[in-house]
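What follows is a short report on a single structure.
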Amino acid sequence: MSTPEPLLILTTDDLLAERWQALAPTVIRAREIEALDTWRKARHRLVVVDLGTHPAGAPPMWTEPAWRHNAAGLAILAASSRPEDDEGLAVLNAGASGYCHSHAPLDTLRQALEVIDSGELWVGRALLSRLLRLVDTRLPRAGLADWAAPLTEREREVAHHAAVGESNLAIADALGITERTVKAHLKAVFEKLQVADRLQLALRVHGVR
């Protein structure tokens, strides 16, 4: 399913542009980052940006004035042909709503657009883990009564590990239980705390929401 919202694709790659045309019923292509100004002023939001559009050696695209002035009003999916966590963190910090591989399957890109259009973030598992660890190091944990009261002691332990981005296998090894048991505890934690994923869990654990 494609998003019904008009979509701006920003790329100088003709093959990539042709491929991305299938992402939405209405797709507008631009080659210059200044197109973000016009798109926001027209009260449109969804944008897919090819980070390879900038020539080699040029400053990162997200440092350009057109990006900095408009990012807050747009839902930008930043796409890279060679995704790296450091680049992903930088572009998300600059206001992008998602970060992915520019040649990801079209269904994946459509899903990413739906997610960022709803106001959420779209990132890969490795980058999500880094984001969760940053949350853990920069924010104080909330008091027990704020989030953990409904949980059992084991569920609290699993929640703490998951909230810093540890995988199910790592949690299982740390607590001496099976991955299946970890999944069962996480399901219970999500239901009791009414969160949908690990990012929301991390925010709850640290008292952000």
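Where a number appears in this text, it was derived from the coordinates with a stated rule and is not lab data. The model shown is predicted, which means the values in this text are computed figures rather than measured ones. Cβ sites come from the backbone with ideal geometry, for glycine too, and all protein chains shown count toward neighbours.
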Expected sort for ILE9, ILE171 with the fewest Cβ neighbours (10 Å cutoff) up front is ILE171, ILE9
Report, by chain and number, residues whose modeled amide H sits under 5 Å from the one on ALA78, excluding near sequence neighbours (fewer than 5 apart, same chain).
-> VAL49, SER97, GLY98, TYR99, CYS100
For the chain, built as a Gaussian network whose Cα springs stay under 10 Å, the top-fluctuating residue of VAL48, VAL189, VAL123 | VAL189
Percentage of interatomic Cα-Cα distances in the stretch 7-123 larger than 20 Å = 31
Run the numbers on the chain and let me know its relative contact order in percent, using alpha-carbon pairs under 8 Å that are six or more apart.
-> 15
For the chain, what is the convex hull volume of the alpha-carbon atoms per residue, in Å³?
-> 138
